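Scroll down for the structure; my scribbles are underneath it.
The values are calculated or read from the model by the stated rules, or taken from the named source; none is laboratory data. The structure displayed is predicted, hence computed values, not measured ones. Reconstructed Cβ throughout: ideal geometry from the backbone, glycine too, with neighbour counts over all protein chains shown.
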Amino acid sequence: MFIPKTIYFEKNILDYQLGKELMNKYKDIPKIEIENHNNIEEMRNKENKEFPYMKRNLIIGVRKTHNFVKNHKTSDYLVPYTSSGCTASCMYCYLVCNYNKCAYLRLFVNREEMLDKIIRTADKSNEELTFEIGSNSDLILENSITNNLKWTIENFKKSQKGFLTFPTKFDMVDDLLNIDHNGRIIIRMSVNPDEIIRKVEFGTSSLYNRIQAINKLADAGYKIGILIAPVILLDNWKTLYSELIEKLSIELNNNVKKQVFFEIIFMTYSFIHRKINEEAFPNAINLFSADKMRGRGKGKYMYKDDLRKESEVFLRDKMKKYFPNNKIEYIV
Ligand code: SF4
């Protein structure tokens, strides 16, 4: 269970029910009032090596921007929702590109406004729209602190149309199993080989627990996707990923297998990640490889084209062998 070291809070969270509940839940934790969750000077001035300690704090505020961004992968819109950042510390975390070392967990208490806007947009549309509500955080993790996901699923029933979707690397799904989700929630579990989870995805759930969580969610009638992501090409990548795909084919149950779709995403990395990881996790493995990677835009890296192509062919081949009836939505 996550117990914050310090709570940083905007005063107006007390105008919201959830704000009051959280302040009461953490009444014994030291608190610091802030003007704006986006700009905490004390945090900005910390050194990179403090990154994992910064993640022990919890920031609570009110979300001010509610712009939906069009998307063309597994959803129609990316929607800013009830949190950003995370208490875990995956060494490649995409949020570090946006928030740098300030990728700690921020909770937003104005959930009614956010869900209302989704429901209005869904109901107004002629098509069934899918809203990605987890692109800025991990909502299963957040739910273990706020119950927001359970609340969201129960209240999304007011909508006659549309789907909500989000990815996760966590296994705390028991609260979601016995609620009425109306078939309108698509939960996408992100997986990686055990060795990568242990060495790179600090603070997330084990592969075994993630697989058990997927099985439980499928048994509870949720729509399920699996992200093999991010694919990290360590020297033994062929062994790692063929073992992973075989393991999934053995341990996923039939309720998963008859419906699951896959997304495969190769790791991108950046200069910011390198700097933070070198200082914050000096004994961890180095995810940057000059032999295997090339530049991609300003300060970013991706795998070189030949290696990328070889690994895509390899992964497609393994997926065809172990999951011949399941769709790969995309490989990027
Ligand atoms: S679980 Fe997701 S949001 Fe959290 S650190 Fe890992 S990649 Fe980032």
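Does G183 count as modelled with pLDDT of 95 or more, more than 14 Å from the ligand (Cβ to nearest atom) and out of contact with any helix residue (DSSP H, G or I) (no Cβ under 6 Å at 6 or more places or on another chain)?
The answer is yes for G183.
Which residues, taken from the stretch 68-92, are without any contact (Cβ under 8 Å) to a residue 24 or more places away in the chain and either charged (D, E, K, R) or in contact with a His (Cβ under 8 Å, 6 or more places away or on another chain) (or both)?
The answer is K70, and nothing else.
Quick test of your reading of the structure: R198 fulfils all but one of (1) within 20 Å of I328 (Cα to Cα); (2) without any contact (Cβ under 8 Å) to a residue 60 or more places away in the chain; (3) within 16 Å of the ligand (Cβ to nearest atom); (4) over 16 Å from the mean Cα position of the chain (by Cα). Name the failing condition by number.
(1)
State all residues of the stretch 5-18 that are part of a helix (DSSP H, G or I) and surrounded by fewer than 18 Cβ atoms within 10 Å (Cβ to Cβ); if no residue qualifies, say none.
If the condition is that a residue be part of a helix (DSSP H, G or I) and surrounded by fewer than 18 Cβ atoms within 10 Å (Cβ to Cβ), then K11, N12, L14, D15, Q17 are the ones that fit.
Just the residues that are assigned to a loop (DSSP other than H, G, I, E, B), under 20 Å from N277 (Cα atoms) and either among the β-branched types (V, I, T) or touching a strand residue (DSSP E or B) at 6+ places or on another chain (Cβ under 7 Å) (or both), please, taken from the stretch 56-114.
The answer is N57, C86, T87, A88, Y92, A103, Y104, L105.
For the stretch 33-44, check the following and say yes or no: at least one residue is outside any loop (DSSP other than H, G, I, E, B) and within 14 Å of the ligand (Cβ to nearest atom).
No: zero hits.
Can you name every one of the strands (runs of 3 or more DSSP E) wholly within the stretch 207-315 that holds 1 or more residues which are loosely packed, with under 14 Cβ neighbours inside 10 Å?
293-295
Sort out which residues of the stretch 94-135 are within 13 Å of the ligand (Cβ to nearest atom), of a type outside the set (S, T, Y) and without any contact (Cβ under 8 Å) to a residue 40 or more places away in the chain, and write them in order of number.
The answer is N98, and nothing else.
Just name the residue that is modelled with the highest pLDDT out of those in the stretch 19-41 that are of a type in the set (D, E) and surrounded by 11 or more Cβ atoms within 10 Å (Cβ to Cβ).
Across the stretch 19-41, the extreme among qualifying residues is E21.
Name the residues in the stretch 76-101 that are over 27 Å from F202 (Cβ atoms) and buried (at least 20 other Cβ atoms within 10 Å of the Cβ), would you?
Within the stretch 76-101, D76, V79 meet the criteria.
Return the residues of the stretch 143-164 that are within 16 Å of the ligand (Cβ to nearest atom) and crowded, with 21+ Cβ neighbours inside 10 Å; say none if nothing qualifies.
Correct list: N143, T146, N148, L149.
Looking at K73, is it modelled with pLDDT under 95, closer than 30 Å to V200 by Cα and away from the ligand (no atom under 16 Å from the Cβ)?
In short, yes.
Within the stretch 188-198, is even one residue part of a strand (DSSP E or B), buried (at least 20 other Cβ atoms within 10 Å of the Cβ), modelled with pLDDT of 95 or more and of a type in the set (S, T, N, Q)?
Checked against the condition, which is being part of a strand (DSSP E or B), buried (at least 20 other Cβ atoms within 10 Å of the Cβ), modelled with pLDDT of 95 or more and of a type in the set (S, T, N, Q), the stretch 188-198 yields at least one hit.
Assess whether I140 counts as being in contact with a strand residue (DSSP E or B) (Cβ under 6 Å, 6 or more places away or on another chain) and buried (at least 21 other Cβ atoms within 10 Å of the Cβ).
yes
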